[in-house]
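S.K.: Below: one structure in structure tokens.
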Ligand SMILES: NC(=O)c1ccc[n+]([C@@H]2O[C@H](COP(=O)([O-])OP(=O)(O)OC[C@H]3O[C@@H](n4cnc5c(N)ncnc54)[C@H](O)[C@@H]3O)[C@@H](O)[C@H]2O)c1
């Protein structure tokens, strides 16, 4: 195995022509994402929260003053080159869906771009209410047979590409959280997976069919929900065998983002922890879907994983060996998309004295998720133009349960993830890695003088 730094930087094809961005699901996140891009390209809104639009990357020494914007360091598709499409079981166009979602102020942010939003009408969804028990819309494909749904998504992708003159297409899952599915023998290899599709095996979910259709069409796939989807070994392997980038899962937006900043703080100071209790209220359609215990189970898995990996109770049993980690989500319609999260952390310090930290986060779910969807679309397209197929671990920054190669543990610490992302951009651009060692600034002080 070569050391990562021995791998030659890739040659990146230019970002010419149109980039199709197809969203599975045209709900709160997708419409906030699409509307935000439209407002930004008309100069009517700022893409705040998006690293691709606002971020910079330091290059070389701190004395060099080289900090290009992300888009100057690597060639990204411009906002004007994006064309949007979506599938949803509800027939509402993006304007109506955005009004219903209630995230953006209709007079200020939807009316002025109503023409563009109304033009985005969802394609008939590959949907089966068995997997999202709280929803049942009429805008669905005529057959629920899995083979037919797979072929339906493939032909939708081909037609979309053709109709909009797209040079490249990426798919972002902004759809609902499906019921919990364990990886099984049906997901082990291509023969088993294909056979399972043909017999309508219940462990083949609609999200897997979208993802498989995307990979068959050479379309990179980002998984914004906690569904198994491209974590299924067969799809992971298919993506790397065919050089198609994938990443997931579950956008890291609110409570988990905060958790993956705070937990490393306690760990860095070797402070112990007895318990971390997290609860949320939210009232959007996502909250309604998560009110179903089977969908919540999928979400719970992705939310619970982060603390163990960061705190390493097996390495520090006296600090974290007896930690109670609880996560609750409560559906509370009056709040709509404005989620409120509470965290109570019971930690202890010197000589075991107990202390507490309370966090009350009042956020807007889709306002935090939309820039992530944009960055993922642009970075997946970049990865594909750079010939980087399979799992994109450098995009862990965006996910609650990041995909990693088998045998690796995921990095959850937000700032390790950011370092990983920026170092990957430096590597792609043929620039040196930043190690933060910094002894070179003190060479005169440290090195023996003649
Ligand atoms: N901050 C966040 O908002 C955040 C963070 C992490 C993850 N997520 C996840 O992102 C997803 C979208 O969140 P949202 O708030 O937009 O939810 P939403 O309910 O507003 O939108 C999801 C849409 O997906 C549609 N859908 C469901 N199954 C589908 C299928 N098979 N094909 C096509 N469309 C389908 C639904 O009809 C719905 O309109 C959810 O899974 C959510 O858990 C959101």
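The values are calculated or read from the model by the stated rules, or taken from the named source; none is laboratory data. What you see is a predicted model, and the numbers here were worked out from it, not measured in a lab. Methodologically, a virtual Cβ is constructed for each residue, glycine included, from the backbone with ideal geometry; neighbour enumeration extends over all protein chains shown.
S.K.: Test each condition in (1) buried (at least 21 other Cβ atoms within 10 Å of the Cβ); (2) outside any helix (DSSP H, G or I) for residue 379 and report the one that comes out false.
M.R.: Unmet condition: (2).
S.K.: Can you give me the number of residues within region 91-105 that are near the ligand (Cβ under 9 Å from one of its atoms) and either under 22 Å from the mean Cα position of the chain (by Cα) or in a helix (DSSP H, G or I) (or both)?
M.R.: Within region 91-105, residues that are near the ligand (Cβ under 9 Å from one of its atoms) and either under 22 Å from the mean Cα position of the chain (by Cα) or in a helix (DSSP H, G or I) (or both) number 4.
S.K.: A further question on this structure: Kindly indicate whether residue 122 is out of contact with any strand residue (DSSP E or B) (no Cβ under 7 Å at 6 or more places or on another chain), modelled with pLDDT of 95 or more and either within 16 Å of the ligand (Cβ to nearest atom) or on the phi > 0 side of the Ramachandran plot (or both).
M.R.: Values: out of contact with any strand residue (DSSP E or B) (no Cβ under 7 Å at 6 or more places or on another chain): no; modelled with pLDDT of 95 or more: yes; either within 16 Å of the ligand (Cβ to nearest atom) or on the phi > 0 side of the Ramachandran plot (or both): yes.
Against the criterion (out of contact with any strand residue (DSSP E or B) (no Cβ under 7 Å at 6 or more places or on another chain), modelled with pLDDT of 95 or more and either within 16 Å of the ligand (Cβ to nearest atom) or on the phi > 0 side of the Ramachandran plot (or both)), residue 122 does not qualify.
S.K.: Among the listed residues 62, 108, identify the single one that is out of contact with any strand residue (DSSP E or B) (no Cβ under 6 Å at 6 or more places or on another chain) and part of a loop (DSSP other than H, G, I, E, B).
M.R.: Details: 108 fails: part of a loop (DSSP other than H, G, I, E, B).
Matching residue, one of 62, 108: 62.
S.K.: Moving to a separate point now. Which members of region 128-168 meet the condition of being in contact with a strand residue (DSSP E or B) (Cβ under 8 Å, 6 or more places away or on another chain), part of a loop (DSSP other than H, G, I, E, B) and at pLDDT 95 or above? Don't jump to the end; show me each part of the working.
M.R.: So in region 128-168, the residues in contact with a strand residue (DSSP E or B) (Cβ under 8 Å, 6 or more places away or on another chain) come out as 137, 139-141, 153, 156-157, 160-161, 164-168.
From what is left, the residues that are part of a loop (DSSP other than H, G, I, E, B) are 137, 139, 141, 164-165.
Within region 128-168, 139, 141, 164, 165 qualify.
S.K.: Pairs, please: C-beta under 7 Å, at least 6 apart or cross-chain, first residue closer than 23 Å to residue 393 by Cβ and without any contact (Cβ under 8 Å) to a residue 60 or more places away in the chain and in region 205-223, second in a helix (DSSP H, G or I) and near the ligand (Cβ under 9 Å from one of its atoms)?
M.R.: Within 7 Å, no pair qualifies.
S.K.: Quick one: how many residues across region 252-294 are away from the ligand (no atom under 13 Å from the Cβ) and part of a strand (DSSP E or B)?
M.R.: Residues in region 252-294 being away from the ligand (no atom under 13 Å from the Cβ) and part of a strand (DSSP E or B): 9 in total.
S.K.: Would a scan of region 158-165 turn up a residue that is more than 9 Å from the ligand (Cβ to nearest atom), without any contact (Cβ under 8 Å) to a residue 12 or more places away in the chain and touching a helix residue (DSSP H, G or I) at 6+ places or on another chain (Cβ under 7 Å)?
M.R.: Taking region 158-165 first, the residues more than 9 Å from the ligand (Cβ to nearest atom) are 158-165.
Next cut, without any contact (Cβ under 8 Å) to a residue 12 or more places away in the chain only: 159, 162-163.
Next, from what is left, pick out any that are touching a helix residue (DSSP H, G or I) at 6+ places or on another chain (Cβ under 7 Å): none.
The answer is no, given that none of the residues of region 158-165 is more than 9 Å from the ligand (Cβ to nearest atom), without any contact (Cβ under 8 Å) to a residue 12 or more places away in the chain and touching a helix residue (DSSP H, G or I) at 6+ places or on another chain (Cβ under 7 Å).
S.K.: With the requirement that a residue be assigned to a helix (DSSP H, G or I), surrounded by fewer than 14 Cβ atoms within 10 Å (Cβ to Cβ) and at pLDDT 95 or above, what does region 309-346 give you? So that I can check it myself, show each step before the final result.
M.R.: Initial filter on region 309-346 (assigned to a helix (DSSP H, G or I)): 309-311, 317-320, 333-335.
Remaining after also requiring surrounded by fewer than 14 Cβ atoms within 10 Å (Cβ to Cβ): 317-318, 333-334.
Residues satisfying the conditions are 317, 318.
S.K.: Could you list all residues from region 214-226 that are over 12 Å from residue 173 (Cβ atoms) and either in a helix (DSSP H, G or I) or within 15 Å of the ligand (Cβ to nearest atom) (or both)?
M.R.: 215, 216
S.K.: Among 40, 35, 13, which is the only one that is in the same structural domain as residue 82 (by TED's automatic domain parsing) and within 16 Å of the ligand (Cβ to nearest atom)?
M.R.: Working: 40 fails: within 16 Å of the ligand (Cβ to nearest atom); 13 fails: within 16 Å of the ligand (Cβ to nearest atom).
Sole residue among the options that is in the same structural domain as residue 82 (by TED's automatic domain parsing) and within 16 Å of the ligand (Cβ to nearest atom): 35.
S.K.: Scan region 70-90 for residues that are in a strand (DSSP E or B) and more than 16 Å from the ligand (Cβ to nearest atom) and jot them down. Please lay out each step first, then the result.
M.R.: Looking only at region 70-90, we keep the residues that are in a strand (DSSP E or B), and these are 82-87.
Hits for region 70-90 are 82, 83.
S.K.: Mind checking which residues of region 169-207 are within 16 Å of the ligand (Cβ to nearest atom), closer than 27 Å to residue 384 by Cβ and in a loop (DSSP other than H, G, I, E, B)?
M.R.: 174, 175, 176, 177, 178, 204, 205
S.K.: Next up: Report yes if some residue within region 106-119 is in the same structural domain as residue 152 (by TED's automatic domain parsing) and within 9 Å of the ligand (Cβ to nearest atom); otherwise report no.
M.R.: Within region 106-119, not a single residue is in the same structural domain as residue 152 (by TED's automatic domain parsing) and within 9 Å of the ligand (Cβ to nearest atom).
S.K.: Follow-up question, since we're still on this one. So which residues in region 204-245 are on the phi > 0 side of the Ramachandran plot and buried (at least 24 other Cβ atoms within 10 Å of the Cβ), if there are any at all? Steps first, answer last, please.
M.R.: As a first pass, look at region 204-245 and keep what is on the phi > 0 side of the Ramachandran plot: 218, 229, 243.
Of everything in region 204-245, just one residue is on the phi > 0 side of the Ramachandran plot and buried (at least 24 other Cβ atoms within 10 Å of the Cβ), namely 229.
S.K.: Right, another one. Could you tell me whether region 411-418 includes any residue that is touching a helix residue (DSSP H, G or I) at 6+ places or on another chain (Cβ under 8 Å), surrounded by fewer than 18 Cβ atoms within 10 Å (Cβ to Cβ), at pLDDT 95 or above and assigned to a loop (DSSP other than H, G, I, E, B)?
M.R.: Scanning region 411-418, I find no residue that is touching a helix residue (DSSP H, G or I) at 6+ places or on another chain (Cβ under 8 Å), surrounded by fewer than 18 Cβ atoms within 10 Å (Cβ to Cβ), at pLDDT 95 or above and assigned to a loop (DSSP other than H, G, I, E, B), so the answer is no.
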